[in-house]
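Reading through the structure tokens given below for one structure.
What follows draws every value from the coordinates through simple rules; no lab data is involved. Not measured: the values here are computed from a predicted model. Because the Cβ atoms are built from the backbone with ideal geometry, glycine has one as well, and the counts that use them run over all protein chains shown.
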Amino acid sequence: MSLSDPSPLQPFVNKLSSRSELGDAERLAILDLPNFPQQIQSNRDFVRLGEQVEHACFVVAGLVGQFGQSRNGTRQISAIHIPTDMVNLHSVVAPEACSALQALTVTTVLRVPHGALRDVAKQYPAIAEAFWRECAVDASVLSEWVVNVGRRDAKTRLAHLLCEVASRSAAASGGVPSSFNFPATQAHVADMLGLTSVHVNRMFQALREEKVISIQGRTIQIVEWKRLTQIGDFDPGYLSLGRLRTHAPGKSD
């Protein structure tokens, strides 16, 4: 394969390259990784707690929730993954799943075998470093989610979540965080924020009434980005998004 040939892993290469220095040889090696597409129906678990996994999963389309579960079956979503995310890259070195994965919508992933990822990391130190950096960012996101659920009020939690998804979606598309598709249900958002669905609905209404966001179907439009970041106590540094512009054109600075 050449760099000009299309590959379903090209978005992954682009994402890695936004944070790490990769040469042509490294990029080609990643594009040549074996991958196996899988479509998962909404609200279906595709990695279970304690399961020994042999693949990392790259999200092509859809929305994935990473969650923990109590003994009585209550779940807490501790992170979400959008297209361009390699969801469980850490499983290459820790294959027993300590958190589970669920498709929150109809989702397409590419399963990339651990053996192939391990081999390419051994052959190219720059790739190993890039993988390591991606895992560090995932850990940073998990840490921020703990703070969000444990130390922020309901409206701040929701605003912070929307800022994060907007920023990550913009980075994936090469745009700015002005609008994004967010197909999660209010029940899903409740599980992300440690709230009830009724409370989540009230907080969405509050943000709309303050004219900070507007909602059309599954698309959230950010009307006042700076105000949303203030409400959400949001600093994008933990996402390591690099050159992403953190305001939408034409909005308040």
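Annotations for the structure displayed:
- The chain: angle of helix 197-209 to the longest principal axis, Cα-based, in degrees nearest 10: 70 degrees
- Couplings 3J(HN,Hα) of the stretch 158-173, computed from phi: 5, 4, 5, 4, 5, 4, 5, 5, 4, 5, 5, 5, 5, 4, 5, 9 Hz, in residue order, whole Hz [Karplus 6.51 cos²θ - 1.76 cosθ + 1.60, θ = phi - 60°; x for Gly and Pro].
- Amide hydrogen neighbours beyond the local backbone of PHE46, cut-off 5 Å, H modeled: LEU101, GLN102, ALA103
- The trypsin sites (Lys or Arg not before Pro) of the stretch 38-75 meeting both criteria, a DSSP state outside H, G, I, E and B (loop) and at most 16 other C-beta atoms within 10 angstrom of the site's C-beta, are ARG48, ARG71.
- Cα→Cβ-extended label distance, 7 Å offset, between ALA94 and ASP32, nm: 3.1 nm
- Each of LEU162, LEU28, LEU241 was scored by other Cβ atoms within 10 Å of its Cβ. Listed from fewest to most, they are LEU28, LEU241, LEU162.
- Taken as Cα centroids, the stretch 164-191 and the stretch 1-65 sit 19 Å apart, rounded to the nearest whole angstrom.
- Between SER179 and ILE222, the built amide H atoms are under 5 Å apart, and every one of these is 5 or more places off in sequence or on another chain.
- Cβ-based charge dipole, the chain, positive-most Cα from TRP132, PRO11, GLN39: GLN39
- Between SER17 and ARG133, residue separation times 0.36 nm minus the direct Cα-Cα distance comes to 40.6 nm.
- Radius, Kirkwood style, for the stretch 153-239 when every pair of distinct Cα atoms is counted (Å): 12.8 Å
- Structure-based [θ]222 nm, the chain - -39500 (n - 2.57) summed over DSSP H runs of at least 4, per residue, nearest 500: -13000 deg cm²/dmol
- Folded to 0 to 90 degrees: helix 125-151 orientation relative to the chain principal axis, Cα: 20 degrees
- Relative contact order of the chain, taken over Cα pairs closer than 8 Å and 6 or more residues apart, is 20 percent.
- Listed residues VAL112, VAL93, VAL200, most fluctuating in the chain (Gaussian network, C-alpha, under 10 Å): VAL93
- Equivalent ellipsoid semi-axes, the stretch 10-144, via Cα gyration tensor eigenvalues times 5, rooted, Å: 25, 15, 14
- Ranking of PHE234, PHE46 by count of other Cβ atoms within 10 Å, fewest first: PHE46, PHE234
- Computed label-point distance, nm, for sites ASN72 and ALA154 using a 7 Å Cα→Cβ extension: 2.0 nm
- GNM remark for the chain: springs join alpha carbons under 10 Å apart, and the peak mean-square fluctuation among GLY217, GLY232, GLY175 falls on GLY217.
- The aspartates and glutamates whose alpha-carbon is closer than 18 Å to the alpha-carbon of LYS155, local same-chain residues fewer than 8 away aside, are GLU144, GLU164, ASP191, GLU209, GLU210, GLU224, ASP233, ASP235.
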